[in-house]
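For reference, the structure discussed in these notes is given below.
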Amino acid sequence: MRKGIDRGSFRTYGWDGLIQILLIGNSIVMLTPIVIMFFSAFKTNAQIFQSPFSIPDFTNVKSLLRVWNETDFLLYMSNSLIVTASSIALILILGTMAAYAIARYEFRGSGFILLFFLAGLTLPLKLAIIPLFIQMRDFGLIDSRLSLIFIYVATGLPTTVFILTGFIRSLPNELEDAARMDGANEARIMWSIMLPLVRPAMVIAAIQNVVPIWNDFFFPLIFIQNNNLKTLPQGLTAFMGEFGTDWGVLFSGLTLSALPIIILYIALSRQFINGMTAGAIK
Amino acid sequence: MMSSKLTGRRLWIAALVVPPIAFMCLFLVYPILSAFAYAFYEWRGLVRGDFVWFDNFHRVLFEYPFSERTINAFKHNIFVFFALMVLQNGVGFILAYCLWRELWGARFHRIAVFLPVVLSTVIVGLLWKLFYHPLFGAVNASLRAVGLGSLAQPWLGQDSTALTAIVVANAWHMVGFPTLVFLAGMQRIPSEILDAVRMETESEWVKMSKIVWPLVAPSATVVFTLLFVGAFNWFELPFIMAGVDGNPHEATDVLGLYFYRTAFGSMSASAENFGPGSALAVLIFLFIAVVSSVITVRLRRREIQL
């Protein structure tokens, strides 16, 4: 009997050891490219070519300073910030409005409206880029941040409405009914009683949208030609062509672009993981 | 009194739902419907010409040089789909199982595997392009470092390896997503079921194949469908790493790149051509819609409700 237990536990240890090795190996594969990118930002060309994996002299910030001073990096970064922040704000406002109406009121067509938003979940808008291009040209929005913001709002609304409707439906009725008894009007009930309760779901919805919008490359590629309006991913490709032979500067540019989102992710990893997989987990 | 209150309520609801619906119609529904209409017209630059029935479709499917390129690109998309099915979803399932054991350090490994997912495709593409550089790239440098210098090669520069090299970069970028979706599915399996299985068998394989795999079927449905849509929409990573022409020699050409070149023009394909471009978009759209709904329906059927 005792023997059996021992053998079983040995087997478990062996199995767990194998799993641990697999996980460590995988984490090395995941992190090494990012570490090499970071290290190379502090190296000269010669150092990168001769010893790509060595730990650099971290006081050598020449390449990083060149990116900061000689390129439009800050401009691209602020453009990305403006576009992302405005899109998220609009998505949350419009998404909450629709979700609140669908979840809290019984009216004819509410089921249909929810379906309408859900159908938008699966539509690849990239394939409608030709009509979108002509439409934006007719609106005079080529080379305008508004074209990007409007598109991001339309693509972000379906998941947002989906997440928020489910959450708002689960809120209890008591508070709302009591306020109604006291004669509060609907707008006041929504604004001061219900919306404060919706905040956690709004955070999830915001994170879910922030990553694809901040990282998007396709729509700026089509709609933005003016250098002063380019977003970070788009600006990065131009800058790679310009400094093509100075690898220290290239890695510095990549490092600086990746840094904000990496720091945010490490600080809020739980929220990022929950938010980005929220649409895929029922 | 009563009726005015009701109209007031109706107005309030309308005020809430009309603006978001209007946005969706204007920037999502209308463009997609127009995309279908555009494919049936002849286009001169940005100006719409005559209604030409199925001419554009005929050109992209059956006329040289469009048809060869369409078929070449389509084959590459199929390869990308199956390769990522193994490298991304298959590896993701194994990693999810490893993380599910909650061994020491699992939290760290979970954060590490998802880290590349939050990076922009542009950063990932440019980074891996530098790594694949034949002379100075980290990939060949590490091969030389472990004495496999003879395997060093221009990964992105030759037909035989270029597409696979981009697929590997994609798998590195996105493997964390299926991993964590599968992991969430596994964590939802009730512990009573797992305890009951433990009484019956010691075999980890039986547990995985008979219990865990069927019970995470809803997660599998989602990641398979999303991968399918993603593989046939593939654009940004090959655009960054191989260029709009699918270099070298169209060995990395996929439908997304070919559609972009046809619609908006490039050095090699000259000016924009909205007719065949729209026809390609409609074909890709219909293909994705039909196959992904078939996949979803078939996979849903094997899901078990707990």
| task | Hey, can you tell me all the residues within the range B:26-85 that are small (G, A, S) and without any contact (Cβ under 8 Å) to a residue 24 or more places away in the chain? | result | B:S34, B:A37, B:G49, B:S67
| query | Taking the range A:169-202 as the region of interest, how many residues are touching a Leu at 6+ places or on another chain (Cβ under 9 Å) and within 30 Å of A:I262 (Cβ to Cβ)? | reply | 3
| request: Starting from the range A:234-263, take each residue that is at the interface with another protein chain (Cβ under 10 Å from one of its Cβ atoms) and list its partners that are at pLDDT below 85, counting only C-beta distances under 9 angstrom and pairs at least six apart or across chains. | output: A:L250/A:F239; A:L250/A:M240; A:L250/A:F243; A:L250/A:G244; A:G253/A:F239; A:G253/A:M240; A:G253/A:F243; A:L254/A:M240
| query | Counting only residues that are basic (K, R) and under 23 Å from the mean Cα position of the chain (by Cα), which one in the range A:97-152 is farthest from the other protein chains (Cβ to nearest Cβ)? | reply | A:R145
| Which ranges mark the helices (runs of 4 or more DSSP H) fully within the range A:187-282 that have 3 or more residues being over 30 Å from A:A46 (Cα atoms) and outside the structural domain of A:I88 (by TED's automatic domain parsing)? | A:247-267, A:269-277
| message | Looking at A:D216 and the list (1) over 18 Å from the mean Cα position of the chain (by Cα); (2) closer than 30 Å to A:L141 by Cα; (3) among the charged types (D, E, K, R), which single condition is not satisfied? | response | (1)
| note | Scanning the range B:9-66 residue by residue, those within 8 Å of another protein chain (Cβ to nearest Cβ) and modelled with pLDDT under 90 turn out to be B:R9, B:R10, B:L46
| request: Report yes if some residue within the range B:142-159 is of a type in the set (D, E, K, R), in the same structural domain as B:V244 (by TED's automatic domain parsing) and closer than 30 Å to A:N209 by Cβ; otherwise report no. | output: no
| field | Members of the range B:114-146 found to be within 9 Å of chain A (Cβ to nearest Cβ), assigned to a helix (DSSP H, G or I) and under 15 Å from A:S40 (Cβ atoms), listed by number | value | B:I123, B:L126, B:L127, B:W128, B:K129, B:L130, B:F131, B:A138, B:A141, B:S142
| query | Any chance the range B:265-276 includes a residue that's in contact with a strand residue (DSSP E or B) (Cβ under 8 Å, 6 or more places away or on another chain), more than 12 Å from chain A (Cβ to nearest Cβ) and without any contact (Cβ under 8 Å) to a residue 40 or more places away in the chain? | reply | no
| said: Looking at the structure I just gave you, is B:V222 of a type in the set (A, V, I, L, M), farther than 28 Å from B:G45 by Cβ and free of Cβ contacts under 8 Å to residues at least 60 places away in the same chain? | reply: yes
| task | Restrict the check to the range B:263-274 and report whether at least one residue is within 27 Å of B:V86 (Cα to Cα), in the same structural domain as B:H173 (by TED's automatic domain parsing) and part of a loop (DSSP other than H, G, I, E, B). | result | no
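The values are calculated or read from the model by the stated rules, or taken from the named source; none is laboratory data. It should be emphasised that the depicted structure is a prediction, and the values quoted were computed from it without experimental measurement. Methodologically, a virtual Cβ is constructed for each residue, glycine included, from the backbone with ideal geometry; neighbour enumeration extends over all protein chains shown.
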